[in-house]
Structure formats: structure tokens, C-alpha cells
């Protein structure tokens, strides 16, 4: 199942790349965005006992079908931050969540308003929780675990000129580990892992 999901995301990315190549000779509908901000993993009964924060770095390639609709392939990597958390049976200590990678293919609906363009977006793909067994990891993982994931959210673009713009984005991610995913399940049960990402960045329209 995991391999099929990864293959699906890879195929969607390849389709976007082919469309981009075909359109290169015309006025390009391509746009590239680079964003950074904060990513928070919510509490989860079978994997995450506390709210854990990370620093995300995201890159997106967008293909505009017209003024209102676009397809977007996005890659995100996160670097976990230390957080003081409560430990069982007592006490507290600084701990980190796993570092993560997310691969998502989205559709974007925009409503241009002069220089401002608000949008809604959503899609699906996969999320990898990276292997790390350091003592300060709240969820030590002996192997990288990749799960099916979805995302949805909203944002806005502010155009500086024909090519450059600022972009703000809020995204909700949900990962769905299987009931036997080591490190992300407990006693044969795994709950969905909900995460929020807030980012700001720049976009370039070719």
C-alpha cells in the first residue's frame, strides 16, 4: 500500500513536469514558491503525547490552468525543535518529535483581486517520519515510516510585479499510520496524526 501511494505521488509529479515542458515555448503558466514558518504536531493518543513543533521548509511547483485553477506539487521537510514535555511516571524533560518529509499533490482554487489573490487548496500524498533513535526523541524510530497523508488549507498571494510575489499559507495535514506502524501505533491501534503548518515565503511566476 505504501509503495502504491508513493508511486501515485511520483506519477503526479511527473505529469506536472511534462506539462511544464510542453508549455515552455509559450508564456509560461509555471510558478515556483519557497516558504518557511512553523509546523505543529497535535496530541495523539497512540503516538504523540504532547504538542510538538518543527521548522518547515517547503518548495512548491504550480501549474496555472487559468486565473482561477491550478495544480501544485509540493515538497516539505521539517526540523524538529526541543520542547519541555511531561514524562511518565513523573517529571519533565526536553524532547523532539521526528523530523518529517511530506510529498503532496494539490489542486488550488484562486480568486484574483487586483494585487491580492486569496486561494483554497487541498490534496493528497504521503508523509515520512524519519528514522532517529537519539535519546531526546519523543518517538524513537528504528526505521523511517511512510504513511498516506492528506492536506487542505488556504492562503493568499500578494503580487509585487508580473513575476514576483509574497505568499502566506495555512495548511492542515493529516497522516494515517497503519495499526502496525512501529513507533506510530500502540497495542495494534493507530490514530490519525493531525498537524498544522503556517508559512510565509516568496513566489516567482515565469
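For residue 176 and residue 196, the difference between the fully extended length at 0.36 nm per residue and the C-alpha to C-alpha distance is 5.7 nm.
Sorted from largest to smallest, which semi-axis lengths in Å does the alpha carbon gyration tensor of region 93-149 give for its equivalent ellipsoid, taking the root of 5 times each eigenvalue?
Working: eigenvalues 250, 44, 8 Å².
Largest first, region 93-149 gives 35, 15, 6 Å.
For the listed peptides 110-116, 129-135, a ranking on the average number of other beta carbons within 10 Å per residue, highest first, reads 129-135, 110-116. Over region 76-177, the ratio between the Cα radius of gyration and 2.2 N^0.38 Å evaluates to 1.42.
Summarised in one figure, the compactness ratio Rg/Rh of region 48-119, Cα atoms and Kirkwood Rh, is 1.22. Treating each Cα of the chain as an identical point scatterer and summing with the Debye formula, the log10 of I(q)/I(0) at q = 0.08, 0.12, 0.14 Å⁻¹ comes to -0.31, -0.64, -0.83.
Compared with the dominant Cα axis of the chain, that is its longest principal axis, helix 2-22 is turned about 20°.
Could you tell me what fraction of 2.2 N^0.38 Å the Cα radius of gyration of region 120-206 comes to, as a two-decimal ratio? Computed over Cα atoms of region 120-206, the ratio equals 1.43. Considering only 88, 104, 145, the mean-square fluctuation computed in a Gaussian network model of the chain, springs between alpha carbons under 10 angstrom, is largest for 88.
None of the figures in this text is laboratory data; all of them are computed from the coordinates on show. It should be emphasised that the depicted structure is a prediction, and the values quoted were computed from it without experimental measurement. Don't worry about glycine lacking a Cβ; one is built from the backbone with ideal geometry, like all the others, and counts go over all protein chains shown.
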